[in-house]
Every structure is written in C-alpha cells, then in structure tokens.
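Asker: This is the structure I want to talk about, given as structure tokens.
The values are calculated or read from the model by the stated rules, or taken from the named source; none is laboratory data. A quick note: this is a predicted structure, and the numbers were derived from the prediction, not measured. All Cβ positions, even for glycine, are placed from backbone atoms using ideal geometry, and neighbour counts span all protein chains on display. Protein only, heavy atoms only, side chains kept; ligands, DNA and RNA dropped before computing areas. Shrake-Rupley method; radii C 1.70, N 1.55, O 1.52, S 1.80 Å.
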Amino acid sequence: MKKTLKYIILFFSLLFLFSASLTTDNSKALINVLLHSLNTTHYQPHVLNDEFSKRVFELYLKRLDYNKRFLTRSDVEQLRKYQYQIDDEVKIGSYKFFDLSTEIIKSKVVEVEIFYKDLLSRPFDFEKDEIIELDPEKIDYAADKAALKEAWRKSLKYQTLSRLATVLQIQEKAQVTGDTTVEIKTYQVLEEEARKKVLKSHNTWFRRMSKIERSDRLTIYINAITNTYDPNTAWLSPKDKANFDIAFSGQLEGIGAQLQERDGYIRVVRIIPGSASWRQGQLKAKDIILKVGQGTHEAVDIVDMRIDGAVKLIRGKKGTEVRLTVKK
C-alpha cells in the first residue's frame, strides 16, 4: 500500500511539474524541464538514444493518423527520416520533426476535405460488389493521393450504405405491418438523404479538426514521449491542468449542463439535477447557447467557438452570475 501511494504521489507531482513548466510559449524550456524531471524522478529512467527515438516516433505516428485516413506512404517516409533523430532533437529543444508532422497533417486534412465533399455529391454504385477493411491494424497507408481518395470513396460508400440499409429495413417493416407513422419514400430520396447525413457528420468532424491548435497537437507529441516511459505517465497542458485544478479544488463552478459542440453551435445535451441550471429552470436540453456574459461584463458571441473556450467563459466563482443568450 505504501509503495502504491508513493507512486501515485510521484505521478501527480510529475503532472503538475510538467504543466507548470509551460507558462510562456517557450517550447525549448518545456522539453528540457520535462526530460530532466522524467530522468531524475521516474522509477525507470530511459537513455535518450536511437531506440528511444524510434519508440517515440512509432507511438506518435500511430496517434497522428490512427485510422490511416490522411497520410500517404510518401508522407510517412518523409516523417520516417526523423525516426532516429527525436532523441537528438529533444536534447537541444528542437521541434523540427513535430512542426513538419503538423504541417503535413494540416495540409492532408484540407486535401481530404475537398474530395470527400466531391465523392458525396453524387450517388454511389451499390450494384458493384466491393470489399473494405475497417481495422486500421490490418491496412497500410495509401500508396498515393489517388489511392487515398479511393479508400475514402469506399469508406463513404460503406457509411452511406449502412444508413440506407437501416431506413430501408424500417420502411419495409412498416409496409408489411401497415404502420402509417412511417413516411414511405422512394429509394432515390432515401439514398440522397443517407448521403446528406454522412456529409453532415463529416462536415462537423472537419469543422472540429479545423479548430485544433498547435498546443493541442503538441500535447499529443509530448505525451508520445512521456508514454514511452510508461503508459501512466502523462503531461497536462496548461488548459488541461487548469481543468484538473478546478475539478479537484471546487473553486470554480459551471452551470450544471452537459454541453456539446455541433455544426458550430454549443448545444445543451442535458441538465444535471440539483445544479444551478436545474434550480433556475429556464435552460433546457436541445437549447443552443449563442452568447455568454459574466456578471455585468458584455456578453461574448460563442458561435463557432471551441467547446473548451465556451466552458471557460461559462465557469465562474460560486455565487457569481452568468448570463446566457439562448436559442430555444
């Protein structure tokens, strides 16, 4: 029990130390402090060598594009040139590999966004039998841009077919049972609606990805380094550290509503019983929050804002007032 407690205390100390080290945009200082802390306080320090570098590279590459939906083999080969240089980079506080990976993945997201919209602009050929592998562990990166687009075509076709098959089954059952509550539509209409739903879900996903900041990707990269030591050693970004402190100390409170970002809007999913929103009684599930104002301060427009930014505006000290402009 004592050993377990000691390990937990050490673990949280590392988290706080890493988070506190990024008070400015001084990435070099961050990596130096982080590695010094790991190699002086971790129960199993690592030697920064090529083996360490390769392990970090493989872990980060996997997290960069887990489902292999953006990177091509040439992209991976471009990054692989650094697989034995990460240890050298972290020693001098360089982020050349990380910055290159960020540049590549951002450009690939823009590229894919163009052709997924094109692929969903017309019906798929469901008369043609095709095979798609959904397990990312069993597939390789696309050979080139054309192969990547083809992989996306199959994926979008599969997703559309899944939605289409579901509504067709519901409609067929309704016709057999005489259920008049189900509106009967033609195959062409149902197919088009299925494509539009797939398009909408992807538009939401890509809008969310467009809001990813460098600091978000940096957290992924740094945690690829810390997780190389062990899976339970992690770095908290200043934003995550602040959220942890709030949850742990209880000094700040929210409004007691579960929120979700969808189509650029912050929507209320549910009201937590006993919370401030529940007691006030006006905010309801499915409401859309348009603006947030703390006390007498001018309300801030939160349309197209990331959900963590909106939550930061909504939180306040216990007993203070927050004003919401809501679309019912």
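Asker: Only one residue in ASP88, ASP135, ASP129 is among the acidic types (Asp, Glu), touching a Leu at 6+ places or on another chain (Cβ under 9 Å) and open to solvent by 50 Å² or more (accessible area, probe 1.4 Å), so which one is that? Outline the logic, then answer.
Answerer: Values: ASP135 fails: touching a Leu at 6+ places or on another chain (Cβ under 9 Å); ASP129 fails: touching a Leu at 6+ places or on another chain (Cβ under 9 Å).
Of ASP88, ASP135, ASP129, the one residue that is among the acidic types (Asp, Glu), touching a Leu at 6+ places or on another chain (Cβ under 9 Å) and open to solvent by 50 Å² or more (accessible area, probe 1.4 Å) is ASP88.
Asker: Yes or no: the range 4-27 includes at least one residue that is under 20 Å from ASP99 (Cα atoms), out of contact with any His (no Cβ under 9 Å at 6 or more places or on another chain), modelled with pLDDT under 70 and part of a helix (DSSP H, G or I).
Answerer: Yes, because at least one residue in the range 4-27 is under 20 Å from ASP99 (Cα atoms), out of contact with any His (no Cβ under 9 Å at 6 or more places or on another chain), modelled with pLDDT under 70 and part of a helix (DSSP H, G or I).
Asker: Follow-up. For the range 149-165, does any single residue satisfy the condition of being in contact with a helix residue (DSSP H, G or I) (Cβ under 7 Å, 6 or more places away or on another chain), without any contact (Cβ under 8 Å) to a residue 40 or more places away in the chain and under 26 Å from ASP75 (Cα atoms)?
Answerer: Yes, the range 149-165 contains at least one residue that is in contact with a helix residue (DSSP H, G or I) (Cβ under 7 Å, 6 or more places away or on another chain), without any contact (Cβ under 8 Å) to a residue 40 or more places away in the chain and under 26 Å from ASP75 (Cα atoms).
Asker: Something else: What are the pairs with Cβ atoms under 7 angstrom where one residue, in the range 210-222, is at pLDDT 90 or above and the other, located anywhere, is open to solvent by 70 Å² or more (accessible area, probe 1.4 Å) and not β-branched (Val, Ile, Thr)? Sequence gap at least six, or different chains.
Answerer: Pairs that qualify, where the first residue is at pLDDT 90 or above and the partner is open to solvent by 70 Å² or more (accessible area, probe 1.4 Å) and not β-branched (Val, Ile, Thr), are ILE220/ARG63.
Asker: For the range 74-186, which helices (runs of 4 or more DSSP H) that fit wholly inside it have 1 or more residues that are over 30 Å from GLU213 (Cα atoms), among the charged types (D, E, K, R) and modelled with pLDDT of 95 or more? Walk me through it before giving the result.
Answerer: On the way: elements: 86-92, 96-119, 145-177.
The helices (runs of 4 or more DSSP H) meeting that bar are 145-177.
Asker: Turning to a different aspect of this structure: From the list GLN188, GLN171, GLN159, GLN175, pick out the single residue that is more than 20 Å from GLU130 (Cβ to Cβ) and surrounded by 13 or more Cβ atoms within 10 Å (Cβ to Cβ). Show your work before the answer.
Answerer: Numbers: GLN188 fails: surrounded by 13 or more Cβ atoms within 10 Å (Cβ to Cβ); GLN159 fails: more than 20 Å from GLU130 (Cβ to Cβ); GLN175 fails: surrounded by 13 or more Cβ atoms within 10 Å (Cβ to Cβ).
Residue meeting the stated conditions: GLN171.
Asker: All but one of (1) at positive phi; (2) buried (at least 19 other Cβ atoms within 10 Å of the Cβ) hold for GLY93, so report the exception by its number.
Answerer: Going through the list (1) at positive phi; (2) buried (at least 19 other Cβ atoms within 10 Å of the Cβ), GLY93 breaks only (2).
Asker: Turning to a different aspect of this structure: Would you be able to say whether some residue in the range 60-68 is in contact with a Phe, Trp or Tyr (Cβ under 8 Å, 6 or more places away or on another chain), closer than 23 Å to LEU161 by Cβ and of a type in the set (Lys, Arg)?
Answerer: Scanning the range 60-68 turns up at least one residue that is in contact with a Phe, Trp or Tyr (Cβ under 8 Å, 6 or more places away or on another chain), closer than 23 Å to LEU161 by Cβ and of a type in the set (Lys, Arg).
Asker: Next up: Surrounded by fewer than 14 Cβ atoms within 10 Å (Cβ to Cβ), of a type in the set (Val, Ile, Thr) and farther than 27 Å from SER215 by Cβ: does that describe ILE272?
Answerer: Working: surrounded by fewer than 14 Cβ atoms within 10 Å (Cβ to Cβ): yes; of a type in the set (Val, Ile, Thr): yes; farther than 27 Å from SER215 by Cβ: yes.
In short, yes.
Asker: For HIS46, which of the numbered conditions (1) within 24 Å of the chain's Cα centre (by Cα); (2) modelled with pLDDT of 75 or more; (3) of a type outside the set (Lys, Arg) fails to hold?
Answerer: The one condition HIS46 does not meet is (1).
Asker: Applying the selection to the range 300-314, what residues are of a type in the set (D, E, K, R), touching a residue at least 40 places away in the same chain (Cβ under 8 Å) and surrounded by 16 or more Cβ atoms within 10 Å (Cβ to Cβ)? Walk me through it before giving the result.
Answerer: From the range 300-314, those of a type in the set (D, E, K, R) are 301, 304, 306, 308, 312; that's our starting set.
So of that shortlist, the ones also touching a residue at least 40 places away in the same chain (Cβ under 8 Å) come out as 304, 306, 308.
ARG306 - this is the single residue of the range 300-314 that is of a type in the set (D, E, K, R), touching a residue at least 40 places away in the same chain (Cβ under 8 Å) and surrounded by 16 or more Cβ atoms within 10 Å (Cβ to Cβ).
Asker: To continue, here is another question. State whether the residues of the range 54-68 include one that is farther than 18 Å from PRO231 by Cα, open to solvent by 70 Å² or more (accessible area, probe 1.4 Å) and not hydroxyl-bearing (Ser, Thr, Tyr). I'd like the intermediate steps shown before the answer.
Answerer: Going through the range 54-68, the residues farther than 18 Å from PRO231 by Cα turn out to be 65, 67-68.
Within this subset, residues satisfying the condition of being open to solvent by 70 Å² or more (accessible area, probe 1.4 Å) are 67.
Pick out the ones that are also not hydroxyl-bearing (Ser, Thr, Tyr) and you get 67.
Taking every residue of the range 54-68 in turn, at least one turns out to be farther than 18 Å from PRO231 by Cα, open to solvent by 70 Å² or more (accessible area, probe 1.4 Å) and not hydroxyl-bearing (Ser, Thr, Tyr).
Asker: A further question follows. Kindly indicate the residue of the range 56-73 that is hydrophobic (A, V, I, L, M, F, W, C) and assigned to a loop (DSSP other than H, G, I, E, B) and also farthest from the chain's Cα centre (by Cα) among those meeting that condition. Walk me through it before giving the result.
Answerer: Start the filter on the range 56-73 by keeping residues that are hydrophobic (A, V, I, L, M, F, W, C), which leaves 56-57, 59, 61, 64, 70-71.
So of that shortlist, the ones also assigned to a loop (DSSP other than H, G, I, E, B) come out as 70-71.
On the way: PHE70: 15, LEU71: 17 Å.
Filtering first and then ranking leaves LEU71.
Asker: Need pairs with beta-carbon distance below 8 Å; first residue closer than 16 Å to GLU58 by Cβ and within the range 82-102, second among the polar types (S, T, N, Q) and part of a helix (DSSP H, G or I); sequence gap 6+ or separate chains.
Answerer: GLN83/SER53; TYR84/SER53; GLN85/SER53; ILE86/SER53; ASP87/SER53
Asker: Do we have ALA142 as over 19 Å from VAL198 (Cβ atoms), in contact (Cβ under 8 Å) with a residue 12 or more places away in the chain, of a type in the set (A, V, I, L, M, F, W, C) and in contact with a strand residue (DSSP E or B) (Cβ under 6 Å, 6 or more places away or on another chain) here? Break it down stepwise before answering.
Answerer: Numbers: over 19 Å from VAL198 (Cβ atoms): yes; in contact (Cβ under 8 Å) with a residue 12 or more places away in the chain: yes; of a type in the set (A, V, I, L, M, F, W, C): yes; in contact with a strand residue (DSSP E or B) (Cβ under 6 Å, 6 or more places away or on another chain): yes.
Considered against the rule, which asks whether it is over 19 Å from VAL198 (Cβ atoms), in contact (Cβ under 8 Å) with a residue 12 or more places away in the chain, of a type in the set (A, V, I, L, M, F, W, C) and in contact with a strand residue (DSSP E or B) (Cβ under 6 Å, 6 or more places away or on another chain), ALA142 comes out as yes.
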